[in-house]
Every structure is written in structure tokens, then in C-alpha cells.
Amino acid sequence: MFANDDIVCITPFWSGAPYELMMMPRRHERHLQHADDASLDAMGVAVRDAVGHLTSALGDVAFNIGVHSAPHEHSGEYHWHVHLWPILVTQAGFERGTGVHINVVAPEDAAESLRSVRANA
């Protein structure tokens with residue numbers, strides 16, 4: 001959806017919710033606690049900008065945010081990242097019973113919609 005020298009923000013093709021966004025720092029770190037100040041500052045700006053785009057496109061909606069970092073002392077491949085999920089749908093019996101999410105907005109359509117609006121920063 002957007003990118004700069006520090007952060008890439010995408011609408012993941014595997015997203016389980018409409019307008020889900022994932023932001024990743026370009027600097028590769030497994031663990032959030034090892035990220036440098038520049039990456040952390042850039043992520044804060046990216047989250048602010050992503051919320052602005054979502055608010056411009058969707059109006060005043062609530063969000064969930066998740067920060068994913070590798071488990072403690074994990075030494076394998078991993079890249080910490082942040083997810084934003086606007087709360088637009090409710091899980092029903094199918095989703096709760098199977099753990100399979102139904103995304104009613106294709107990620108590529110969400111990305112196109114978000115690129116077409118100006119962020120409310």
C-alpha cells in the first residue's frame with residue numbers, strides 16, 4: 001500500500017479481515033527489542049499514516065493492533081512486524097467453529113481503495 005526507506009506497508013494476500021494492513025521494517029530483526037531507534041520511530045510514523053489512510057477510506061472505525069516478534073531466544077528466520085485490523089465485521093459461527101476467516105474485501109481491492117485516498121494525519 002505504501003513504502004519508504006524504512007517501512008513497507010501492505011495489504012497481505014492472506015489477510016483474514018477486510019482492510020487488514022501489515023507493516024514491516026526494512027531493517028531485518030527477529031526481535032522487537034533488538035530494533036534500533038530509527039526502525040521504531042519509522043514504525044510509529046507508519047502506524048500513524050496507515051490509520052490515517054484507513055480513516056480516510058472507512059470513516060471513524062475502531063482498530064486492533066498486533067505486534068509480532070520472534071519468541072524469546074529464537075535464532076531462526078523471522079522478521080518482526082505490525083498488523084492493523086479495522087473492526088468492520090463480526091466473526092460468526094463458521095469462523096469461530098473452524099478458525100477459518102472469511103475476508104469480504106479482496107486485499108488488492110483494499111489496497112487500491114487506500115492508495116486513492118489522502119491520509120488524515
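Numbers for the structure displayed
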item	result
The one condition in (1) more than 17 Å from the chain's Cα centre (by Cα); (2) at pLDDT 90 or above that Gly52 fails to fulfil	(1)
Scan of the stretch 90-106 for residues that are surrounded by fewer than 16 Cβ atoms within 10 Å (Cβ to Cβ) and not polar (S, T, N, Q), ordered by number	Ala92, Gly93, Phe94, Glu95, Arg96, Gly97, Gly99, Val100, His101, Ile102, Val104, Ala106
Top-ranked residue of the stretch 62-98 - restricted to ones that are out of contact with any Lys or Arg (no Cβ under 7 Å at 6 or more places or on another chain) and among the hydroxyl-bearing types (Ser, Thr, Tyr), ranked as farthest from Ile7 (Cα to Cα)	Thr98
Subset tally (residues that are hydrophobic (A, V, I, L, M, F, W, C) and assigned to a helix (DSSP H, G or I)) for the stretch 68-105	1
Of the criteria (1) farther than 16 Å from Met22 by Cβ; (2) charged (D, E, K, R); (3) open to solvent by less than 90 Å² (accessible area, probe 1.4 Å), which one Glu77 fails	(3)
Residue that is modelled with the highest pLDDT [pool: residues in the stretch 107-121 that are open to solvent by less than 70 Å² (accessible area, probe 1.4 Å) and more than 15 Å from the chain's Cα centre (by Cα)]	Ser113
Residues located in the stretch 10-58, provided they are in contact (Cβ under 8 Å) with a residue 40 or more places away in the chain, open to solvent by less than 20 Å² (accessible area, probe 1.4 Å), in contact with a Lys or Arg (Cβ under 9 Å, 6 or more places away or on another chain) and assigned to a helix (DSSP H, G or I)	Gly52
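Residue-by-condition table, conditions (1) among the acidic types (Asp, Glu); (2) free of Cβ contacts under 8 Å to residues at least 40 places away in the same chain:
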{"site": "Trp80", "(1), (2)": "no, no"}
{"site": "Ile87", "(1), (2)": "no, yes"}
{"site": "Thr90", "(1), (2)": "no, yes"}
{"site": "Gly93", "(1), (2)": "no, yes"}
{"site": "Val105", "(1), (2)": "no, no"}
{"site": "Glu112", "(1), (2)": "yes, yes"}
{"site": "Arg115", "(1), (2)": "no, no"}
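The values are calculated or read from the model by the stated rules, or taken from the named source; none is laboratory data. What you are looking at is a predicted structure, and each value in this text was computed from that prediction instead of being measured. Here the Cβ is made from the backbone with ideal geometry for all residues, glycine too, and neighbour counts use every protein chain on show. We work out accessible area using only protein heavy atoms, side chains counted, and drop any ligands, DNA or RNA first. Shrake-Rupley method; radii C 1.70, N 1.55, O 1.52, S 1.80 Å.
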